Amino acid sequence: MNQYCKSLNKYQRFKSREVYIGDIPLGYNHPIRTQSMTTTNTMDIKSTVEQSMRIANEGSDYVRITAPSVKEAKALQEIKKCLRQKGYKTPLIADIHFTPKAALEAAQIVEKVRINPGNYADNKKFKVFEFTDDEYENELQRIYDRFSPLVKICKENGTAMRIGTNHGSLSDRIMNRYGDTPLGMVESALEFLRICENHNYYNIVLSMKSSNPIIMVQAYRLLVNKMMKENMFYPLHLGVTEAGEGMEGRIKSSVGIGSLLEDGLGDTIRVSLTEDPEFEIPIAKKIVSRYDERHNHKKINNLNDNIINPFTYSKRETFQRLNIGKDNVPIVITDLSQFDKIDSNLLELCGYSYLNKIDKWSLSDFASDYIYIGKNDLNIELPLQLKVIKDFEIWKDSKNKKNIYPKMNFQQYLKNSSSDSMIFLEINSNEKLTPDTIRLIKNDESIVLILTTNNSHGMVEQRNFISKLIKNKITNPVIVSRNYDNSDLENFQIDASIDFGGLLIDGLGDGLFIRNSKVDSVKDINDLSFEILQSTRTRITKTDFISCPSCGRTQFDLMTTTAMVREKTSHLKGLKIAIMGCIVNGPGEMADADYGYVGTGLEKISLYKGHDVIKRGIPSKDSVEELINLIKKYGDWVEP
């Protein structure tokens with residue numbers, strides 16, 4: 001049974017048990033909560049208090065503070081005291097990784113502790129070996145003995161706990177039995193959860209975080225599926241770890257977090273940005289606000305079967321029409337229909353620059369594949385790589401149809417049978433698929449569908465419609481489309497990232513057609529399309545940076561360093577580079593990165609190739625140049 005949410009057609013929150021974190025409960029019928037994490041040195045009491053206040057002032061429900069050792073855990077007492085004296089009652093969360101004694105100390109001070117099963121009382125040395133069943137059970141007993149004291153103290157003190165699995169820091173034991181998989185992430189958490197339940201302790205929140213939104217979404221779905229089978233209903237903390245900075249970080253976080261919220265999963269969220277933590281909260285609140293009135297959405301035509309396997313990525317099978325469908329990466333269509341004149345300045349915003357001296361076009365990595373010009377005519381010779389979509393009533397009378405294709409509605413299609421190589425048939429996802437409609441679409445391989453929606457729960461409606469195509473064995477390519485009416489660029493980016501990213505994560509969609517009449521910048525919309533594809537790893541057009549959000553464990557300027565690494569390596573298309581603040585979030589949590597830049601001491605860096613450390617203890621002032629040399633050594637460097 002592949003069930004992982006209450007409904008695939010109607011927005012319903014997954015009703016979890018109520019967990020109290022201080023005076024602010026989460027789960028059950030409570031609002032979706034937000035939180036962030038300090039980046040200061042925890043031993044710097046004054047700075048940590050001040051940053052905690054800034055986070056709280058942005059409206060964060062909780063503040064998390066790292067406690068890597070007992071001394072930091074003890075410092076939480078003074079931090080909490082100072083905050084309470086200043087009138088701040090925001091519950092505090094201690095972030096624990098390797099040190100059980102720090103967790104025991106913190107659990108008596110703060111309202112919640114977070115432990116990572118892959119690091120806490122378990123081993124992570126990247127060793128490959130076999131566990132017999134007896135050896136595995138012996139390891140579980142050892143973990144039971146080391147973990148139980150914390151469970152008992154949390155129970156005695158009314159302290160909540162987050163059991164937070166991270167994709168890249170699974171223990172050797174889990175890795176060797178389950179592999180680097182969503183199932184391994186889930187089992188890692190459930191082992192610790194069962195110990196808690198053995199002690200009748202239930203004040204627990206669970207998380208399954210990854211820098212890869214596809215892995216993250218699959219892991220949370222699988223976790224809920226397992227919980228439903230075992231009659232468990234624990235609340236979920238959502239987050240994409242190491243999301244990065246700027247627009248990239250916002251889009252990647254929106255894709256991962258929003259894809260789950262769309263199905264009613266998630267009780268608290270953290271947007272992890274490589275920026276000051278107070279900047280995370282406004283983004284988190286914008287994501288959460290999408291669901292304030294979501295239950296009032298228009299009814300979606302019911303499909304009872306879960307056609308798509310929600311736990312494994314598989315691209316929908318389609319045939320190919322020109323460069324769309326089958327094994328092609330998803331295309332990008334840019335809307336230029338609102339402009340009276342299509343000129344070279346406009347095309348430059350779509351990634352095409354005309355070079356006068358040599359009379360040629362230069363294409364950027366963000367060059368759109370098609371432009372939609374509506375009822376307009378072309379008065380410029382276009383680059384050969386760029387194709388055009390025009391409204392059918394204008395297209396049919398056009399003399400020049402080279403690389404120009406019609407967009408029809410269904411009524412136009414029925415009246416105008418066409419033998420053209422490709423037509424774009426626009427259909428709304430609320431339309432019923434009648435037997436005649438199914439037959440017409442299935443028997444015409446010139447059709448590429450443009451699937452639109454007007455439903456506030458549009459991602460789910462479009463997913464439902466595409467599932468019906470799959471059920472009826474219709475393999476025409478589908479371009480997912482939505483028209484927004486939002487002048488706030490950041491809100492627009494968040495909405496589009498969730499609406500389109502949620503489909504791409506499930507392998508649905510052979511292209512994006514994002515429209516917004518209120519956003520003036522064609523480039524902003526074009527860049528957004530490519531960033532969504534990059535975040536879902538369905539089309540890689542640039543270097544993929546996996547950058548942690550910093551915390552009190554980081555001993556170098558992470559934001560400045562990230563900017564430096566990005567400046568020097570952003571031209572290395574397709575390469576994945578992780579920039580991690582400390583050894584805790586280092587070789588493990590960069591997961592599938594090609595190269596890793598990891599803080600290992602005060603202003604000291606270690607460089608990794610995959611999970612293997614190549615150079616240790618490099619002064620941070622020399623580290624970016626050393627990273628470039630390492631990339632060159634392994635043959636992945638190209639000159640910019």
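The values are calculated or read from the model by the stated rules, or taken from the named source; none is laboratory data. If you're wondering where the values come from, they're calculated on a predicted model, not measured in any experiment. Using ideal geometry, Cβ is built from the backbone for each residue, glycine included, and neighbour counts are taken over all protein chains shown.
Within the group Glu187, Glu197, which residue is assigned to a helix (DSSP H, G or I) and over 24 Å from the mean Cα position of the chain (by Cα)?
Numbers: Glu187 fails: over 24 Å from the mean Cα position of the chain (by Cα).
So the residue among Glu187, Glu197 that is assigned to a helix (DSSP H, G or I) and over 24 Å from the mean Cα position of the chain (by Cα) is Glu197.
Just one residue in the set Thr40, Thr66 is under 26 Å from Leu26 (Cα atoms), among the polar types (S, T, N, Q) and either surrounded by 19 or more Cβ atoms within 10 Å (Cβ to Cβ) or not assigned by TED's automatic domain parsing to the domain that holds Val271 (or both); that residue is Thr66. Tallying residues that are surrounded by 24 or more Cβ atoms within 10 Å (Cβ to Cβ), touching a strand residue (DSSP E or B) at 6+ places or on another chain (Cβ under 7 Å) and closer than 30 Å to Thr560 by Cα within region 245-264 yields 5.
Filter region 470-499 down to residues that are free of Cβ contacts under 8 Å to residues at least 40 places away in the same chain and part of a helix (DSSP H, G or I) and give me whichever is nearest to Gln218 (Cα to Cα). I'd like the intermediate steps shown before the answer.
Initial filter on region 470-499 (free of Cβ contacts under 8 Å to residues at least 40 places away in the same chain): 472-474, 480, 482-489, 492, 496.
Right, trim to part of a helix (DSSP H, G or I) and you get 489, 492, 496.
Working: Leu489: 29, Phe492: 25, Ala496: 20 Å.
Among residues in region 470-499 that are free of Cβ contacts under 8 Å to residues at least 40 places away in the same chain and part of a helix (DSSP H, G or I), the one nearest to Gln218 (Cα to Cα) is Ala496.
Screening Glu156 on (1) within 30 Å of Lys89 (Cα to Cα); (2) of a type outside the set (Gly, Ala, Ser); (3) surrounded by fewer than 19 Cβ atoms within 10 Å (Cβ to Cβ); (4) at pLDDT below 95 shows it passes everything except condition (4).
Here are some residues: Ile525, Ile579. Which one is modelled with pLDDT of 85 or more and among the β-branched types (Val, Ile, Thr)? Criteria check complete, one pass: Ile525.
Exactly one residue out of Glu242, Glu280 is surrounded by 24 or more Cβ atoms within 10 Å (Cβ to Cβ), in contact with a Cys (Cβ under 7 Å, 6 or more places away or on another chain) and more than 21 Å from Lys15 (Cα to Cα): that is Glu242. Number of residues in region 422-446 that are more than 21 Å from Val460 (Cα to Cα) and free of Cβ contacts under 8 Å to residues at least 40 places away in the same chain equals 10.
Being touching a strand residue (DSSP E or B) at 6+ places or on another chain (Cβ under 9 Å) and charged (D, E, K, R) is the filter here, so list the residues in region 424-460 that pass it. Within region 424-460, Glu426, Asp444, Glu445 meet the criteria.
Tell me which residues, restricted to region 453-481, are of a type outside the set (A, V, I, L, M) and surrounded by fewer than 22 Cβ atoms within 10 Å (Cβ to Cβ). Spell out how you get there, then give the answer.
Within region 453-481, the first condition is being of a type outside the set (A, V, I, L, M), and the residues that meet it are 453-458, 461-465, 467-468, 471-473, 475-477, 481.
Listed by number, the residues that qualify are Asn454, Asn455, Ser456, Asn464, Ser467, Lys468, Lys471, Asn472, Lys473, Thr475, Asn476.
For region 437-489, residues that are of a type in the set (A, V, I, L, M, F, W, C), at pLDDT below 95 and closer than 25 Å to Met247 by Cβ total 1.
Is it the case that Lys226 is surrounded by fewer than 24 Cβ atoms within 10 Å (Cβ to Cβ) and of a type in the set (D, E, K, R)?
Yes: the conditions hold for Lys226.
Among the residues of region 63-72, at least one is among the basic types (Lys, Arg), more than 30 Å from Ile308 (Cα to Cα) and without any contact (Cβ under 8 Å) to a residue 40 or more places away in the chain.
Looking only at residues in region 265-277 that are under 18 Å from Phe14 (Cβ atoms) and either within 16 Å of the chain's Cα centre (by Cα) or free of Cβ contacts under 8 Å to residues at least 60 places away in the same chain (or both), which one is surrounded by the fewest Cβ atoms within 10 Å (Cβ to Cβ)?
Initially, region 265-277 is screened for residues under 18 Å from Phe14 (Cβ atoms), giving 265-269.
Cutting the leftovers down to either within 16 Å of the chain's Cα centre (by Cα) or free of Cβ contacts under 8 Å to residues at least 60 places away in the same chain (or both) gives us 265-266, 268-269.
Values: Leu265: 23, Gly266: 27, Thr268: 27, Ile269: 26.
This residue is Leu265.
Would you say Ser169 is among the hydroxyl-bearing types (Ser, Thr, Tyr), within 33 Å of the chain's Cα centre (by Cα) and either closer than 30 Å to Asp594 by Cβ or in the same structural domain as Arg114 (by TED's automatic domain parsing) (or both)? Yes: the conditions hold for Ser169. Among the residues of region 1-55, just one is touching a strand residue (DSSP E or B) at 6+ places or on another chain (Cβ under 9 Å) and of a type in the set (Asp, Glu), namely Glu18. Checked against (1) surrounded by 16 or more Cβ atoms within 10 Å (Cβ to Cβ); (2) at pLDDT below 95; (3) polar (S, T, N, Q); (4) more than 33 Å from the chain's Cα centre (by Cα), Ser148 passes all but a single condition, namely (2).
Among the residues of region 304-329, which ones are over 23 Å from Asn443 (Cα atoms) and of a type outside the set (Phe, Trp, Tyr)?
Here is the first cut: in region 304-329, the ones over 23 Å from Asn443 (Cα atoms) are 304-306, 308-314, 329.
Result: Asn304, Asp305, Asn306, Ile308, Asn309, Pro310, Thr312, Ser314, Val329.
Restricting attention to region 531-555 and to residues that are of a type in the set (A, V, I, L, M, F, W, C), at pLDDT below 95 and within 16 Å of the chain's Cα centre (by Cα), the residue that is surrounded by the most Cβ atoms within 10 Å (Cβ to Cβ) turns out to be Cys548.
Of these, Ser364, Ser421, Ser353, which one is over 30 Å from Asp524 (Cβ atoms) and not hydrophobic (A, V, I, L, M, F, W, C)? Spell out how you get there, then give the answer.
On the way: Ser364 fails: over 30 Å from Asp524 (Cβ atoms); Ser353 fails: over 30 Å from Asp524 (Cβ atoms).
So the residue among Ser364, Ser421, Ser353 that is over 30 Å from Asp524 (Cβ atoms) and not hydrophobic (A, V, I, L, M, F, W, C) is Ser421.
Can you confirm whether region 212-219 contains a residue that is modelled with pLDDT of 95 or more and closer than 18 Å to Gly27 by Cβ? The answer is no, given that none of the residues of region 212-219 is modelled with pLDDT of 95 or more and closer than 18 Å to Gly27 by Cβ.
Okay, residues lined up against (1) touching a residue at least 24 places away in the same chain (Cβ under 8 Å); (2) not assigned by TED's automatic domain parsing to the domain that holds Met216:
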{"residue": "Ser254", "(1), (2)": "yes, no"}
{"residue": "Asp263", "(1), (2)": "yes, no"}
{"residue": "Glu280", "(1), (2)": "yes, no"}
{"residue": "Thr318", "(1), (2)": "yes, yes"}
{"residue": "Leu322", "(1), (2)": "yes, yes"}
{"residue": "Gln338", "(1), (2)": "yes, yes"}
{"residue": "Ile342", "(1), (2)": "yes, yes"}
{"residue": "Ile358", "(1), (2)": "no, yes"}
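Among the residues that make up region 206-216, is at least one of them in contact with a helix residue (DSSP H, G or I) (Cβ under 9 Å, 6 or more places away or on another chain), among the basic types (Lys, Arg) and not in a helix (DSSP H, G or I)? Within region 206-216, one or more residues are in contact with a helix residue (DSSP H, G or I) (Cβ under 9 Å, 6 or more places away or on another chain), among the basic types (Lys, Arg) and not in a helix (DSSP H, G or I).
In region 598-611, the residues that are closer than 12 Å to Met580 by Cα reach residues that are among the acidic types (Asp, Glu) and exposed (fewer than 15 other Cβ atoms within 10 Å of the Cβ) with C-beta atoms within less than 9 angstrom, at least six apart or across chains, in these pairs: Ile605/Asp622.
Could you pull out the residue among Asn409, Asn400, Asn376 that is surrounded by fewer than 16 Cβ atoms within 10 Å (Cβ to Cβ), assigned by TED's automatic domain parsing to the domain that holds Asp527 and either touching a strand residue (DSSP E or B) at 6+ places or on another chain (Cβ under 9 Å) or among the aliphatic types (A, V, I, L, M) (or both)?
On the way: Asn400 fails: either touching a strand residue (DSSP E or B) at 6+ places or on another chain (Cβ under 9 Å) or among the aliphatic types (A, V, I, L, M) (or both); Asn376 fails: surrounded by fewer than 16 Cβ atoms within 10 Å (Cβ to Cβ).
Just a single option satisfies the conditions, and that option is Asn409.
Of the residues Glu78, Glu72, the single one that is modelled with pLDDT of 95 or more, more than 26 Å from the chain's Cα centre (by Cα), crowded, with 22+ Cβ neighbours inside 10 Å and outside the structural domain of Gly601 (by TED's automatic domain parsing) is Glu72.
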